[in-house]
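The values are calculated or read from the model by the stated rules, or taken from the named source; none is laboratory data. Since the structure is predicted, the reported quantities are computational estimates derived from the model, not experimental observations. Positions of Cβ are backbone-derived with ideal geometry, glycine not excepted, and every protein chain shown enters the neighbour counts. Note: accessible area is taken over every heavy atom of the protein model, side chains too, but ligands, DNA and RNA are not part of it. Shrake-Rupley method; radii C 1.70, N 1.55, O 1.52, S 1.80 Å.
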Amino acid sequence: MSGELDLGALMRGLKGTLIDGVFVFATVKRVPEGLATRMVFEEAEGTTVICLREEAEAHGIEFEFPSRMITLDVHSSLEAVGFMAVIATELAKEGMGVNPVAGFYHDHIFVPDGREVDAMRVLERIAEEAVKA
């Protein structure tokens, strides 16, 4: 099995990297040719895409949730329990919604555009408190 399972180790190793650009969520019947996506997910109602706002605008795609992407730079196991729950709970305490996406090596969170600095502070605090524990 790949990645860290221990919640304490995940929290102590937590570090976020803010990715350049404003990302948006959209649904399409099919992904337009040439659209550079960050994620594509097939749902019963349509295909969800996450892409940069300028990509959506250039392709005439309606979108929602302008957000900033933060990559959580700790290699978490896909079977890790509680990692995203802790992060989402702490962000919620700051009045911030979050849309998490799990990749094979890392989790990524999308937070409202304009709240990225707040989110990075929350992540730093989580790691600092885990180290002290």
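Pick out the one residue from Ala44, Ala26 that is over 16 Å from Gly103 (Cβ atoms), more than 19 Å from the chain's Cα centre (by Cα) and not basic (Lys, Arg). Talk me through it step by step, then tell me what you get.
On the way: Ala26 fails: more than 19 Å from the chain's Cα centre (by Cα).
Being over 16 Å from Gly103 (Cβ atoms), more than 19 Å from the chain's Cα centre (by Cα) and not basic (Lys, Arg) holds for just one of Ala44, Ala26, which is Ala44.
Restricting attention to the stretch 16-37, report how many residues are part of a loop (DSSP other than H, G, I, E, B) and either open to solvent by 50 Å² or more (accessible area, probe 1.4 Å) or on the phi > 0 side of the Ramachandran plot (or both).
Selection size over the stretch 16-37: 8.
I'd like the residue in the stretch 81-101 that is open to solvent by 60 Å² or more (accessible area, probe 1.4 Å) and among the charged types (D, E, K, R) and, out of all such residues, is farthest from Leu18 (Cα to Cα).
Among those residues, the one meeting the criterion is Lys93.
Quick one: count up the residues across the stretch 88-133 that are touching a residue at least 40 places away in the same chain (Cβ under 8 Å), assigned to a helix (DSSP H, G or I) and among the β-branched types (Val, Ile, Thr).
Selection size over the stretch 88-133: 2.
Residues being assigned to a strand (DSSP E or B), surrounded by fewer than 19 Cβ atoms within 10 Å (Cβ to Cβ) and at pLDDT below 95: count how many of those fall in the stretch 44-80.
So the answer is 1.
Every residue in the stretch 52-103 that is closer than 21 Å to Arg12 by Cα and among the aromatic types (Phe, Trp, Tyr), please.
Matches in the stretch 52-103: Phe83 only.
Out of the residues in the stretch 102-114 meeting the condition of being surrounded by 15 or more Cβ atoms within 10 Å (Cβ to Cβ) and at pLDDT below 95, tell me which one is nearest to Glu64 (Cα to Cα).
In this case the residue turns out to be Asp107.
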